[in-house]
Amino acid sequence: MVQSKQLLNFSTLKHYFLEKNDNEFSILSDSIIANCIRLEQTHSNNVVIANKNIKYYKSTDGIVINFESYISIRTADCLPIFLYDSKKNVLAGIHAGWKGLYRNIIGNTVKVMRNLGCNALDIRSAIGPHIRSCCYKITDEFLELFRNYNNENIHLIKKNGTNKFFDLEKLASFQMTELGVLKKNIDIIPYCTSCDSRFCSYRKNGANCGRMLNIAGIV
Ligand SMILES: [Zn+2]
């Protein structure tokens, strides 16, 4: 299990980025597992404010809660992201692969938090284990989709010979900072799901690679 030092600062928040071989039943209590809010996760940019009585949301990749409950995000290479405003006690969970980032799931989520009264300056964020630029090889067609971001200041692309690699976490961070989240308040867990065997990798091992649970909750 991996945790963000930054999110551990808050007594009102609990979070867990589980590894592939972690036993969720030994790490999480039965009540967390039973009561977690779950998302269908379709690489959409759909964000919802959770309703206390609804535990499952179809075609949703971002969820915001402002009451005591837990959120579950499943990933294998995609970015699991939690955002927390301790002043307003508002928590968001995001599932973001390249499609979600392209469709601005992060921006949509931060906007929903702001609509609930959050100030971006108070938001602390953690990006859990995901495929990093050491392994995320991409094509020129892919790059074309992100040409608007392709400037000197962001450095989303790394080159190794003729191969090009993309930096998803840098794009995610940039999208958060565009909406006022401070860079110093974004904690990136520095493990790559593709080259670190503790994690599930869709790219490396295919659709049957399994999924990791990323859990966060207001307590
Ligand atoms: Zn890697």
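The values are calculated or read from the model by the stated rules, or taken from the named source; none is laboratory data. Predicted model, so just to flag it, every value in this text is computed and none were measured. Every residue, glycine among them, receives a Cβ derived from its backbone with ideal geometry; neighbour counts consider all protein chains shown. Side chains are part of the model used for accessible areas, which takes the heavy atoms of the whole protein and leaves out ligands, DNA and RNA. Shrake-Rupley method; radii C 1.70, N 1.55, O 1.52, S 1.80 Å.
Details
- For segment 1-27, filtering for residues that are at pLDDT 95 or above, hydrophobic (A, V, I, L, M, F, W, C), over 14 Å from Leu83 (Cβ atoms) and open to solvent by less than 90 Å² (accessible area, probe 1.4 Å) leaves 4.
- Residue selected from segment 132-147 under the condition open to solvent by less than 60 Å² (accessible area, probe 1.4 Å) and part of a helix (DSSP H, G or I), by the criterion nearest to the ligand (Cβ to nearest atom): Phe142
- Residue selected from segment 173-192 under the condition within 12 Å of the chain's Cα centre (by Cα) and within 16 Å of the ligand (Cβ to nearest atom), by the criterion least open to solvent (accessible area, probe 1.4 Å): Ile189
- Flag for Asp196 being of a type in the set (Asp, Glu), surrounded by 14 or more Cβ atoms within 10 Å (Cβ to Cβ) and either touching a helix residue (DSSP H, G or I) at 6+ places or on another chain (Cβ under 8 Å) or not in a loop (DSSP other than H, G, I, E, B) (or both): no
- Residue, nearest to the chain's Cα centre (by Cα), within segment 92-115, restricted to residues that are farther than 15 Å from Val181 by Cβ and part of a strand (DSSP E or B): His95
- Residue within segment 116-131 that is under 14 Å from the mean Cα position of the chain (by Cα), modelled with pLDDT of 95 or more, open to solvent by 10 Å² or more (accessible area, probe 1.4 Å) and closer than 20 Å to Tyr16 by Cβ present: yes
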